[in-house]
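The values are calculated or read from the model by the stated rules, or taken from the named source; none is laboratory data. Fair warning: this is a prediction, and the values are worked out from it, not measured in the lab. Using ideal geometry, Cβ is built from the backbone for each residue, glycine included, and neighbour counts are taken over all protein chains shown.
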Amino acid sequence: MVIVLFGAPGVGKGTQAQLLAQRYGIAHLSTGEAFRQAIEQGSELGAAVQQYVHNGLLVPDELVTAVVEALLASEPYRRDCVLDGFPRTLPQAEALDALLARQGRGVDIVINLVVPEEEIVRRLLLRGRPDDTEQVIRQRLAVYAEQTRPVLDYYARQGKLHSVDGNADIETVHRRIVHVVFQHVPTAPNGPDP
Ligand code: AMP
């Protein structure tokens with residue numbers, strides 16, 4: 001089972017991906033988290049991605065895709081997992097399909113979390129991550145609109161896209177997501193309430 005959590009910055013992808021992964025006992029792969037860890041550790045990857053992350057720009061496709069490819073081939077991500085923050089461009093979505101196909105699997109479902117823009121900005125300013133200043137937030141929303149939103153059509157054409165209203169409390173949104181996954185992925189368990 002491969003579930004993609006999709007949506008603009010600040011819709012709650014990270015929180016919901018974590019809850020979903022916990023509920024099903026599967027892995028949670030966040031490219032943003034992997035980059036933040038690399039930056040903190042001062043690794044070579046961290047140095048390569050630092051300026052992009054801090055300025056709210058996308059890390060180049062080849063670099064992100066190479067990182068994801070390595071992770072998806074290793075434990076625990078070679079098993080069932082929830083992807084959060086990847087893919088964010090059409091080339092990334094195509095690369096993901098190709099590399100999952102080589103492993104004999106594919107994306108089962110894409111959950112598009114939908115939250116109004118005023119609420120997104122409010123949430124991001126509350127979160128207070130280093131890349132959550134008003135200027136960088138605006139930059140990330142613009143990048144989402146230009147480069148990431150087109151990925152929705154890609155998955156809609158594959159019949160894998162399901163939108164979920166993310167403008168509610170964490171538990172309510174979680175239940176909505178589980179309901180949609182349970183309905184559309186034959187192998188998905190309903191799972192215990194967290
Ligand atoms: P996130 O934690 O998903 O909000 O990601 C934080 C930052 O990491 C983004 O603003 C980008 O700079 C970078 N990033 C994360 N995932 C990707 C991706 N799939 N493609 C390009 N850049 C990414």
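Residues that are free of Cβ contacts under 8 Å to residues at least 60 places away in the same chain and buried (at least 20 other Cβ atoms within 10 Å of the Cβ): which helices (runs of 4 or more DSSP H) entirely in segment 29-99 hold 3 or more of them?
61-72
Within segment 108-194, which helices (runs of 4 or more DSSP H) (wholly inside it) include 1 or more residues that are closer than 17 Å to Leu83 by Cα and out of contact with any Lys or Arg (no Cβ under 8 Å at 6 or more places or on another chain)?
In segment 108-194, 150-157, 170-184 are the helices (runs of 4 or more DSSP H) which contain 1 or more residues that are closer than 17 Å to Leu83 by Cα and out of contact with any Lys or Arg (no Cβ under 8 Å at 6 or more places or on another chain).
Test of understanding: among Glu44, Glu69, which residue is over 18 Å from Leu83 (Cβ atoms) and either more than 8 Å from the ligand (Cβ to nearest atom) or at pLDDT below 95 (or both)?
Glu44
Conditions: (1) closer than 12 Å to Ala8 by Cβ; (2) surrounded by 15 or more Cβ atoms within 10 Å (Cβ to Cβ); (3) out of contact with any Gly (no Cβ under 9 Å at 6 or more places or on another chain). Tyr155 meets all but one. Number of the miss?
Every condition holds for Tyr155 apart from (1).
Only one of these is more than 10 Å from the ligand (Cβ to nearest atom), over 16 Å from the mean Cα position of the chain (by Cα) and polar (S, T, N, Q): Gln103, Gln18, Gln22, Gln51. Name it.
Gln103
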